[in-house]
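The values are calculated or read from the model by the stated rules, or taken from the named source; none is laboratory data. As the structure is a prediction and not an experimental result, all values here were calculated from the model. Here the Cβ positions follow ideal geometry from the backbone for every residue, glycine too, while neighbour counts run over all protein chains shown. For accessibility, only protein heavy atoms count, side chains too; no ligands or nucleic acids. Shrake-Rupley method; radii C 1.70, N 1.55, O 1.52, S 1.80 Å.
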Amino acid sequence: MTKIAFIGLGNMGSGMCANLCRAGHEVRAFDLNAEAVKAAKGHGAIAVATIADAVKDSEIVVTMLPAGKHVLAVYFGEDGVASHAATGTLFLDCSTIAVEHAREAASKAEAAGFLMADAPVSGGTAAADAGTLTFMVGGPDEAYAKAKPILDAMGKNIFHAGGSGNGQAAKIANNMLLGISMIGTCEAFNLAEKLGLDAQTFFDISSTASGQCWSMTSYCPAPGPVPTAPSNRDYQPGFAVTMMLKDLHLAAAAARAAGAEVTLGEMAEKIYQDLDTRGHGGLDFSGVMKDLQQRLD
Ligand code: NAD
């Protein structure tokens, strides 16, 4: 049993926190939203009203927050985690944030005598609830070793991607590829259909040919071939356009900073930005298909 502070009990954090409780850990749960804290208590966590109270006696602090500014504020802001945690505590940030923010947080933590790892996730709320997330971890070996049993309680696949920030790097590079492959898959299905093939026929051929990819076989953007895909429920998410856009913004910014050329990544960013600007940010990211076929307003 490990004493854990969990901060950020939103769509993802609530299920992750519940799984830590289920695994027998003592979890002190905090969120700015009192309702979220109450729900965590219902799942077996100890409800607390301040970061100081959450961090008290904890060996590990897990955070699942919206963006880098929240992460830096929660750990290093006034009355934040670093002001109250015992030396040697592991800070485990599972949020999706910029690589540079993750590295800034890690060096601040290290300078103050703490261990830190970035551990962003792949998988949505269903995987968070089921404890089947994929974690991509960046940080020193000691931090990874301490984090691993905790991550095992919340996920199925845990990867050590290297030093600080490498978890975030893996996450945004993967999601940039996902955005690009989804748009490509939508264009291919739309083209095939316009040329006279029905979606199932094209799927049967392409899913066993060289065009095969996850966006097609697990999440087909054309209704029909993959029954669980959001395309069969009028593109309700799933993984919303706004969330894909967040990751593509992070990828494009990181690519600029690193001097990496990401022509298709920037094009995908533009396509999702355009959908969002036209008011379709809540659509599943496979909704590019709907836009191609119906030209949404
Ligand atoms: P969310 O907005 O539902 O939850 C964030 C929670 O953090 C909220 O409950 C909010 O009240 C809390 N919070 C914000 N600032 C705080 C502070 N200063 N102190 C305490 N609590 C604070 O977001 P989410 O969907 O759970 O996503 C969390 C992270 O996971 C994001 O970085 C997101 O990009 C990433 N992510 C989400 C998904 C998904 O499908 N939702 C999938 C993969 C990764």
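Checking the Cα-Cα distances for LYS146/LYS246; LYS3/LYS156; LYS3/LYS38; LYS3/LYS171 against a 25 Å cut-off, the pairs over it are LYS146/LYS246; LYS3/LYS171.
Of all aspartates and glutamates in the structure, the ones whose alpha carbon falls short of 20 Å from that of LYS69, not counting any fewer than 8 places away in one chain, are ASP31, GLU78, ASP79, ASP93, GLU100, GLU104, GLU110, ASP118, ASP247.
The Cα atoms of the chain give a gyration tensor whose axes a ≥ b ≥ c have a/c of 1.5 or more with a/b greater than b/c, which makes the shape prolate. Just want to confirm a number: the relative contact order over segment 4-95, from Cα pairs under 8 angstrom separated by 6+ residues, in percent. After rounding, I find 30 percent. Taking only protein heavy atoms and a 1.4 Å probe, the accessible area of the chain is 55% carbon and sulfur. When nucleic acids and ligands are ignored and a 1.4 Å probe is applied, GLU35 ends up with an accessible area of around 120 Å².
Based on DSSP H runs of at least 4 residues, each adding -39500 (n - 2.57), what is the mean residue ellipticity at 222 nm of the chain after dividing by all its residues, to the nearest 500 deg cm²/dmol? Don't skip to the answer; put the middle values down first.
Numbers: 14 runs with 149 residues, N = 297.
The helix contribution divided over the chain gives -15000 deg cm²/dmol.
Long hydrophobic helices in the chain, taken as whole DSSP H segments with a C-alpha length of 24 Å or more on their own axis and mean Kyte-Doolittle hydropathy at least 0.0: 166-194, 241-258.
Considering only DSSP beta bridges with both partners in segment 3-163, what is the antiparallel share in %, to the nearest 5? Could the numbers behind the result be given before it?
Numbers: 3 of 28 bridges.
Given both bridge residues lie in segment 3-163, the antiparallel proportion sits at roughly 10 percent.
Simple rule: put +1 on each Lys or Arg Cβ and -1 on each Asp or Glu Cβ in segment 3-163, find the dipole, and look at SER95, CYS21, GLY8; the Cα lying farthest toward the positive end is CYS21. Annotation: per residue accessible area for segment 3-163 equals 41 Å², rounded to a whole number [probe 1.4 Å, protein chains only].
Annotation: amide H of VAL48 within the under-5 Å range of ALA29, sequence separation 5 or more or interchain, hydrogens built in the peptide plane. Across segment 291-297, computed HN-Hα scalar couplings (Karplus, 6.51 cos²θ - 1.76 cosθ + 1.60, θ = phi - 60°) run 5, 4, 7, 10, 6, 4, 5 Hz from first to last residue, x flagging Gly and Pro. Straight Cα distances below 18 angstrom link LYS290 to the lysines LYS194, LYS270, with same-chain residues fewer than 8 positions distant left out.
What number comes out for the charge environment of ASP234, summing +1 per Lys or Arg and -1 per Asp or Glu over other residues with Cβ under 10 Å away?
Numbers: positive: ARG233, LYS290; negative: ASP284.
Around ASP234, the charge tally is +1.
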